Amino acid sequence: MKKLQTQGVHHITFVGADRQTSIDFWEGVLGMPMIFEQPNLDVPEENHLYFDPGDGRLITVFTHESRQPDPTPNPEGIGNLQHIAFAVSRATYTQAAKRLDERGVKNTGEVDRGFMDSLYFRDPLGQLVELACYKFSAPVGTTEAEVLLEAHKIRLSRNEYNITDEHLADAIEALTLRNTRSLSDDRSAKDPYASREAAANKPDRHTDPRG
């Protein structure tokens, strides 16, 4: 028995209402370009819209002009989609609540998740959507998932409740140490200021840190 190894999300498909509602939300609210459309090859009377969420992957929507938008929150039973999260820049994240408020869209406002910041709202069909912004950048040559895995291990070793900025910072340091090379034999943390403490306390020393 062998695994079927995945290499990323290929696409996510939603059952939509009418065509224009989907375009107005995915492109008109979330800025995803509609890159093509064609009939639903399994149900030819339906239309199939394709949107680029920003990374070249696909969000697709089946639409039919007989279906009307229903904003009732989608059920959250076992096996159902609870929410879908999209990555946004920090600049966009700080504007999200304001721009949703301008449309009269109820939202949670900014929510601190420890390792990321989140904001939640519902699309016109009742699906819960999250806008997420990591609090960190992964070191070159690594991924956000690797940082989170390392931070998780650090958190467990310290018996702490959830991932915080400290765990992230320590994880980034550990990954950098592990994945990069240096001419130095000792790459541990140092205090280059300690040996200058006496000199720094001299009366004629200019102590303004700005120089």
Going by the conditions given, is Gly77 at negative phi, exposed (fewer than 14 other Cβ atoms within 10 Å of the Cβ) and out of contact with any helix residue (DSSP H, G or I) (no Cβ under 9 Å at 6 or more places or on another chain)?
yes
When you go through Phe62, Phe36 one by one, which is the residue that is part of a strand (DSSP E or B), in contact (Cβ under 8 Å) with a residue 24 or more places away in the chain and over 22 Å from the mean Cα position of the chain (by Cα)?
Phe62
Would you please list the contacts, defined by Cβ atoms under 6 Å and residues six or more apart or on different chains, that run from a residue in the stretch 7-20 that is closer than 25 Å to Glu45 by Cβ and charged (D, E, K, R) to a residue that is at pLDDT below 95 and surrounded by 11 or more Cβ atoms within 10 Å (Cβ to Cβ)?
none
Taking Ala96, is it farther than 23 Å from Thr21 by Cβ and not in a loop (DSSP other than H, G, I, E, B)?
no
Just one listed residue, out of Ala138, Ala85, Ala145, is out of contact with any Cys (no Cβ under 8 Å at 6 or more places or on another chain) and under 30 Å from Gln38 (Cα atoms), and it is Ala85
Over 19 Å from the mean Cα position of the chain (by Cα) and not hydrophobic (A, V, I, L, M, F, W, C): is that true of Thr94 in this structure?
no
Go through the stretch 127-184 and give me each residue that's outside any loop (DSSP other than H, G, I, E, B) and closer than 30 Å to Phe25 by Cβ.
Leu128, Val129, Glu130, Leu131, Ala132, Cys133, Tyr134, Glu144, Ala145, Leu148
Report whether or not Asn47 is of a type in the set (S, T, N, Q), touching a helix residue (DSSP H, G or I) at 6+ places or on another chain (Cβ under 7 Å) and on the phi < 0 side of the Ramachandran plot.
yes
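The values are calculated or read from the model by the stated rules, or taken from the named source; none is laboratory data. Just so we're clear, the structure is a prediction, and the values are computed from it rather than from any experiment. Glycine gets a Cβ as well: all are built from the backbone with ideal geometry, and neighbour counts include every protein chain shown.
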